[in-house]
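Here it is, the structure, as structure tokens.
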Amino acid sequence: MKQYWLMKSEPDEVSIDDLMAAPQHTMPWFGVRNYQARNFMRDGMRPGDGVLFYHSSCPQPGVAGVAEVASGAYPDHSQFEEGGKYFDPKATPEQPRWISVDVRGVKKTALLPLSEMRQMPELEDMLLLKKGSRLSITPVTPAQWKVITGKLGS
């Protein structure tokens, strides 16, 4: 059964434009260092699942496009890059701690700002909108997906 996700990215690191400019509009989703978000990638995501590509930590956060999960989970290479931003000294190739999936851009859309999403009663139970929610990856219900993609014109 197809599932839906919201995946946050800081646009100065990887933006929807970067994703759409990548070969086959596909890039690895790396650098996730939260166990719950990792578990969503490892245990929940499947190729073909829908993704709301969300720009975070920027002047106007919000959904910037639609994507899909393009691969199964595999070890995040950045955990092994000594001196790198995402290096984890406890991770080994034999026992990786962190996971990546490939994400394929489907469509860049007009930004649906977080402020507008907060005003939509249909989204009141969305994890992104819950007080204190900081996860970079969260599940999205089919109803929430339909409301947001309808607003995006997808």
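Highest GNM mean-square fluctuation, the chain, Cα pairs closer than 10 Å: which of Val106, Val140, Val14?
Answer for the Gaussian network model of the chain: Val14.
Sticking with this structure for a sec: In the neighborhood of Phe80, defined by Cβ-to-Cβ distances under 15 Å, what is the net charge if each Lys or Arg adds +1 and each Asp or Glu adds -1?
It works out to a net charge of -1.
Choose one of Tyr35, Val14, Tyr86: the residue whose Cα lies farthest towards the positive end of the charge dipole of the chain (beta-carbon charges +1 Lys, Arg; -1 Asp, Glu; about the Cα centre).
Tyr35
For an R0 of 22 angstrom, estimate the FRET efficiency from the Cβ-Cβ distance between Arg97 and Ser56 and round to the nearest 0.05.
Step by step, r from the Cβ atoms, then E = 0.45.
Shifting gears a bit: In Å², what does the accessible area per residue of the range 4-152 work out to with a 1.4 Å probe?
So the range 4-152 comes to 52 Å² accessible per residue, rounded to a whole number.
Still on this model: Show which lysines lie in cross-link reach of Lys151 when reach means a straight Cα distance below 21 angstrom and same-chain residues fewer than eight apart are skipped.
Partners found: Lys2, Lys8, Lys107, Lys108, Lys130.
Taking the Cα centre of the chain as origin, work out the dipole magnitude from +1 charges on Lys and Arg Cβ and -1 charges on Asp and Glu Cβ, in debye rounded to 20.
With Lys and Arg at +1 and Asp and Glu at -1, about 420 debye.
Counting pairwise Cα distances across the chain, what percent come out greater than 29 angstrom?
Beyond 29 Å sits 14 percent of the P(r) for the chain.
Another question about this same structure. Mind checking the full-extension length gain between Lys131 and His77? Use 0.36 nm per residue of separation minus the Cα-Cα distance, one decimal, nm.
Once the chain is fully extended between Lys131 and His77, it gains 16.2 nm.
Take the alpha carbon atoms of the range 10-30, find their center, do the same for the range 66-126, and report the distance between the two centers in whole angstrom.
A separation of 11 Å, based on Cα centres.
Now for a different question. Place the peptides 73-79, 130-136, 141-147 in order of packing, highest mean first, counting for every residue the other Cβ atoms within 10 Å and averaging per peptide.
Packing order, densest peptide first, comes out as 73-79, 141-147, 130-136.
Let a ≥ b ≥ c be the square roots of the eigenvalues of the Cα gyration tensor of the range 65-135; is it rounded (a/c under 1.5), or, if not, prolate (a/b larger than b/c) or oblate?
Taking the square roots of the gyration eigenvalues as a ≥ b ≥ c, the range 65-135 is prolate.
Please report, as a whole percent, how much of the solvent-accessible surface of the chain comes from carbon and sulfur atoms (probe radius 1.4 Å).
52
Which angle from 0 to 90°, rounded to the nearest 10, does the C-alpha axis of helix 142-152 make with the longest principal axis of the chain?
For helix 142-152, the angle is close to 70 degrees.
The values are calculated or read from the model by the stated rules, or taken from the named source; none is laboratory data. Worth saying up front: this structure is predicted, and the values here are computed from it rather than measured. We place every Cβ from the backbone using ideal geometry, glycine too, and count neighbours over all the protein chains shown. In case anyone asks, the SASA skips ligands and DNA or RNA and just uses the protein heavy atoms, side chains included. Shrake-Rupley method; radii C 1.70, N 1.55, O 1.52, S 1.80 Å.
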